[in-house]
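What follows is one structure encoded as structure tokens, with my remarks underneath.
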Amino acid sequence: MASVGEARRSSRRLILVSAAVAVVVLAGAAIAGTRLLGDGGSGQSTADEPYYGTTAELEGSADAIVRGTLTATRPDADETVATVQVSSIAKGSVAAGAAIEVAYSASGPETPEGLHRGGDFVLLLQVRDGKTWNLVNTTQGYYTVAGANLTPGPDNDVPLSASVTQRLGMS
């Protein structure tokens with residue numbers, strides 16, 4: 001018959017082994033979850049926002065597609081509000097020559113790092129309210145214009161259609 005001391009030691013060992021197994025299982029689940037939910041090299045954003053796999057989906061998600069110059073920015077709580085002088089329109093009710101405001105996140109994974117004052121951009125926008133617009137998402141919501149070339153952000157492999165680029169004076 002086992003002594004009380006041996007029974008306690010055996011019980012402690014069982015608790016330690018169970019705890020070690022639980023740690024290994026949780027670590028494995030965390031790694032699997034990161035791989036499943038992360039971008040895994042797919043080029044898709046890991047931010048909590050939609051990602052569009054095709055040109056039709058991306059352009060269809062926009063209420064307006066415009067080309068313009070970002071002329072000013074100002075902070076507003078946890079966002080940046082940019083003033084964009086619109087030069088041409090491919091979709092939507094924005095007028096060429098109008099100045100519009102586009103709000104986007106000022107920090108975190110939802111920050112569109114490529115937007116800067118003085119830059120010429122094609123913006124894919126969704127209506128926020130009567131005065132302000134949002135990007136359809138922060139990785140696919142803008143393309144940098146350089147001459148007749150459009151450069152998407154680093155996590156965007158979806159091109160714009162020829163009809164959109166033509167209407168914006170890009171081809």
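The values are calculated or read from the model by the stated rules, or taken from the named source; none is laboratory data. Fair warning: this is a prediction, and the values are worked out from it, not measured in the lab. Positions of Cβ are generated from backbone atoms using ideal geometry, with glycine treated the same way; all protein chains shown enter the neighbour counts.
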Taking the condition of being within 11 Å of I65 (Cα to Cα), without any contact (Cβ under 8 Å) to a residue 60 or more places away in the chain and among the polar types (S, T, N, Q), how many residues in segment 91-126 meet it? 1
Name the one entry in G141, G119, G92 that is surrounded by 14 or more Cβ atoms within 10 Å (Cβ to Cβ) and in contact with an Asp or Glu (Cβ under 8 Å, 6 or more places away or on another chain). G92
Picking from A96, A82, A103, which residue would you name as being at pLDDT 95 or above, more than 22 Å from the chain's Cα centre (by Cα) and closer than 30 Å to Q166 by Cα? A96
Residues of segment 92-123 that turn out to be in a strand (DSSP E or B) and among the charged types (D, E, K, R), as a count: 2
